[in-house]
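*Asks:* The following block contains the structure, expressed as structure tokens.
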Amino acid sequence: KVSRAELALFSRRLSDLASAGLPLDRVLQVIAEQSESLALTEVSESALADVRTGTPVSQALAKFPKLFPVVFTATLAAGEASGQFGEVAGRLAEFQEKEVQRRGQVVSALIYPGVLLFTAVSVVIFLLAFVVPKLSGVFKDLGDDLPITTRILLASTDFLTAQWYFIIGGLVAMIVGYRAWSRTETGADARDRIILRLPAVGKVVEKATISRFARVLGTLVYGGVPILEGLELAGLAA
């Protein structure tokens, strides 16, 4: 798997070397030699072989859609056609670098609450699975004198310790089912509508999506992509 930071570095090297006046086949050769990612080295070598047979760089990279989406290759193609390959690649690199920075900020902001949530859930599971069962005998001797909340706690503990494999299996099935459902057009549309209607979170996601759409569209138009095609590609990328 290639990280977003590695892809941004690939684009930056592509831009800098092309802007320096190197032929594109030599650019790909240097990138293949300098890349720290084995996957990107193989991609660069494959693209280099195609370019030396007369294939444009954009078409050579389009063979790897998981790494280089249509937005990326279409923008490069427009840069090749306009003779501004280096500048367009630089704009793509800048866009990818900002995406990496933004994601890094989001992850950094979520680390602390994520650790707190994980710790809280772990403590509750430990108490229910190991501590409460050892005390359940004492509580059960009291019979019906226990409060309703204590009886619910004991019942939850018994279910957790006796049916833990069903719980894990159910969670795995729910995750797999959700991923399959969200990949469908109907599922993805319903998921996005739910997210946008969430209090507080929905507004943040909406603004982030609009911002990404504007950045992608600006990059495409700068690269020379026709506005109608740019609107379609930006909608897919956002």
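*Asks:* Give the residue, chosen from D158, D192, that is of a type outside the set (G, A, S) and closer than 30 Å to A93 by Cα. Quick ask: steps written out before the conclusion?
*Replies:* On the way: D158 fails: closer than 30 Å to A93 by Cα.
The unique qualifying residue is D192.
*Asks:* Still on this structure, please answer the following. Considering only residues that are open to solvent by less than 40 Å² (accessible area, probe 1.4 Å), in a helix (DSSP H, G or I) and touching a residue at least 12 places away in the same chain (Cβ under 8 Å), which ones fall in the stretch 189-234? Steps first, please.
*Replies:* Step one: filter the stretch 189-234 for residues open to solvent by less than 40 Å² (accessible area, probe 1.4 Å), giving 190, 202, 216-220, 223, 225, 230, 233-234.
If we keep only those that are in a helix (DSSP H, G or I) as well, we get 190, 202, 216-220, 223, 230, 233-234.
Selection gives V216, L217, T219, L220, G223, G230, L233, A234.
*Asks:* Please verify whether the stretch 158-176 includes one or more residues that are under 30 Å from R212 (Cα atoms) and open to solvent by less than 60 Å² (accessible area, probe 1.4 Å).
*Replies:* No, that holds for no residue.
*Asks:* Still on this structure, please answer the following. Restricting to the stretch 93-143, count the residues that are open to solvent by 100 Å² or more (accessible area, probe 1.4 Å), more than 17 Å from the chain's Cα centre (by Cα) and of a type in the set (A, V, I, L, M).
*Replies:* The qualifying residues number 1.
*Asks:* For the list (1) at pLDDT 90 or above; (2) within 28 Å of L217 (Cβ to Cβ); (3) assigned to a helix (DSSP H, G or I), I need the number of the one condition that V71 fails.
*Replies:* (1)
*Asks:* I would also like to ask the following. Is it the case that E45 is open to solvent by 70 Å² or more (accessible area, probe 1.4 Å), acidic (D, E), free of Cβ contacts under 8 Å to residues at least 40 places away in the same chain and not in a loop (DSSP other than H, G, I, E, B)? Break it down stepwise before answering.
*Replies:* Details: open to solvent by 70 Å² or more (accessible area, probe 1.4 Å): yes; acidic (D, E): yes; free of Cβ contacts under 8 Å to residues at least 40 places away in the same chain: yes; not in a loop (DSSP other than H, G, I, E, B): yes.
Yes: the conditions hold for E45.
*Asks:* State which residue is most open to solvent (accessible area, probe 1.4 Å) when the search covers only the stretch 22-42 and only residues that are under 14 Å from R12 (Cβ atoms) and outside any helix (DSSP H, G or I).
*Replies:* E36
*Asks:* Out of T161, T186, T150, which single residue is without any contact (Cβ under 8 Å) to a residue 40 or more places away in the chain, of a type in the set (V, I, T) and touching a Pro at 6+ places or on another chain (Cβ under 9 Å)?
*Replies:* Working: T186 fails: touching a Pro at 6+ places or on another chain (Cβ under 9 Å); T150 fails: touching a Pro at 6+ places or on another chain (Cβ under 9 Å).
Exactly one of T161, T186, T150 is without any contact (Cβ under 8 Å) to a residue 40 or more places away in the chain, of a type in the set (V, I, T) and touching a Pro at 6+ places or on another chain (Cβ under 9 Å), namely T161.
*Asks:* Which is surrounded by 10 or more Cβ atoms within 10 Å (Cβ to Cβ) and closer than 21 Å to S35 by Cβ, of V88, V71?
*Replies:* Numbers: V71 fails: closer than 21 Å to S35 by Cβ.
That would be V88, the only listed residue that is surrounded by 10 or more Cβ atoms within 10 Å (Cβ to Cβ) and closer than 21 Å to S35 by Cβ.
The values are calculated or read from the model by the stated rules, or taken from the named source; none is laboratory data. These numbers come from a predicted model, not from an experiment. Using ideal geometry, Cβ is built from the backbone for each residue, glycine included, and neighbour counts are taken over all protein chains shown. The protein model used for the area step is the full one, side chains on, heavy atoms only, and it has no ligands, DNA or RNA in it. Shrake-Rupley method; radii C 1.70, N 1.55, O 1.52, S 1.80 Å.
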